[in-house]
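Peer 1: Handing you this structure, nothing more for now.
What follows draws every value from the coordinates through simple rules; no lab data is involved. In this text, all values refer to a predicted model and were calculated from it rather than measured experimentally. Don't worry about glycine lacking a Cβ; one is built from the backbone with ideal geometry, like all the others, and counts go over all protein chains shown.
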Amino acid sequence: MKISLIKVLLIHEWHKDMRNKASLYATLLYTICAIFVCFLSFGAKQNNISILVWNALFWIISLFSCMNAMSRNMAKDADSLALYYYQIVSPQQFIVSKIVYNALYLTFLGLISFIFQSFILGNQVQDNLLYLISILIAMIGFSSVLTLVGSIASKAKNNTTLMAILSFPTLIPLLLLSIKLSKNALDGLELASSYDETITIIAIDAITISISVVLYPFLWKN
């Protein structure tokens, strides 16, 4: 697998998003508005909610922001461009580039959500590094699942609904582990106490990426 071709595909994805900034702005606005609504709902006061609620709000907003972002990016390339990809890159290179780019994109959204929620609702996290690690490894898993499921759903007419139906059962275990890991960061527990959750999430990420690489060539042929 040539890394140089993957790099070219990443740059191409970046240029496509820069030409269509409305999608990015819409997703950011969705995230910020959701946090602001929570801010108003809890009495418009910082530190007015419990740690558990703060953590739950973050992951609920992040999950639906990721779903919203990925559904906007599901539009298929033009037939001529798809044929061009088919001639110059392998399906493995294409899906890996998509997963890497989407992981960076979703991580960026997660960081924006964390920063804005900390500013609006108060930062209740005791271990910011561990919380950021939980965001990173969770978004890698979200990316691998949503990228593959989005590719499958793009073959159907009602692709947004199908993507939600197919992805939620897969995302729930990853989401539960991420919530538990981030709760440890909120409580300020030692890193050793979060070792099992961290390794399990990384293992899920590796499995979902491997499955995507193995299965995507069958979609690629269509």
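Peer 1: In degrees, nearest 10, range 0 to 90: what is the angle between the Cα axis of helix 159-187 and the longest Cα principal axis of the chain?
Peer 2: Approximately 40 degrees, to the nearest ten.
Peer 1: Can you compute the charge dipole magnitude of the chain about its Cα centre, using +1 on each Lys and Arg Cβ and -1 on each Asp and Glu Cβ, nothing else charged? Give it in debye, rounded to the nearest 20.
Peer 2: Computed about the Cα centre, the dipole is about 740 debye.
Peer 1: In whole Hz, with x marking every Gly and Pro, tabulate ³J(HN,Hα) for the range 4-9 from phi via Karplus 6.51 cos²θ - 1.76 cosθ + 1.60, θ = phi - 60°.
Peer 2: In residue order, the calculated couplings are 4, 5, 4, 4, 4, 5 Hz.
Peer 1: Any idea what angle helix 51-72 forms with the longest principal axis of the chain, computed on alpha-carbon atoms, 0 to 90 degrees, nearest 10?
Peer 2: 20 degrees
Peer 1: Short version: ³J(HN,Hα) in whole Hz for each residue of the range 138-147, in order, from phi by Karplus 6.51 cos²θ - 1.76 cosθ + 1.60 (θ = phi - 60°), x for Gly and Pro, what are they?
Peer 2: 5, 5, 5, x, 4, 4, 5, 5, 5, 5
Peer 1: Among all lysine pairs in the chain that are eight or more places apart or on different chains, how many have alpha carbons less than 13 angstrom apart?
Peer 2: Here the count comes out as 7.
Peer 1: For the peptides 96-105, 115-124, what is the packing order when you average, over each peptide's residues, the other Cβ atoms within 10 Å and list the highest mean first?
Peer 2: So the peptides 96-105, 115-124, ranked by packing, come out 96-105, 115-124.
Peer 1: A follow-up question, please. What does the highest-first list of 31-38, 10-17 look like by mean Cβ count within 10 Å?
Peer 2: 31-38, 10-17
Peer 1: Tilt of helix 79-88 relative to the longest C-alpha principal axis of the chain, in degrees (0 to 90, nearest 10)?
Peer 2: 80 degrees
Peer 1: Shifting gears a bit: Can you give the direction-averaged projected area of the convex hull of the alpha-carbon atoms in the range 3-220, in nm²?
Peer 2: Over all viewing directions, the range 3-220 projects a mean Cα-hull area of 12.2 nm².
Peer 1: Rounded to the nearest 0.05, what FRET efficiency do Asp196 and Phe218 give with R0 = 35 Å and r taken as the Cβ-Cβ distance? Could you check?
Peer 2: Step by step, r from the Cβ atoms, then E = 0.55.
Peer 1: Tell me the label-point distance for the pair Ser210, Asp187, using the 7 Å Cα-to-Cβ offset, in nm and rounded to one decimal.
Peer 2: Between Ser210 and Asp187, the label points sit 3.1 nm apart.
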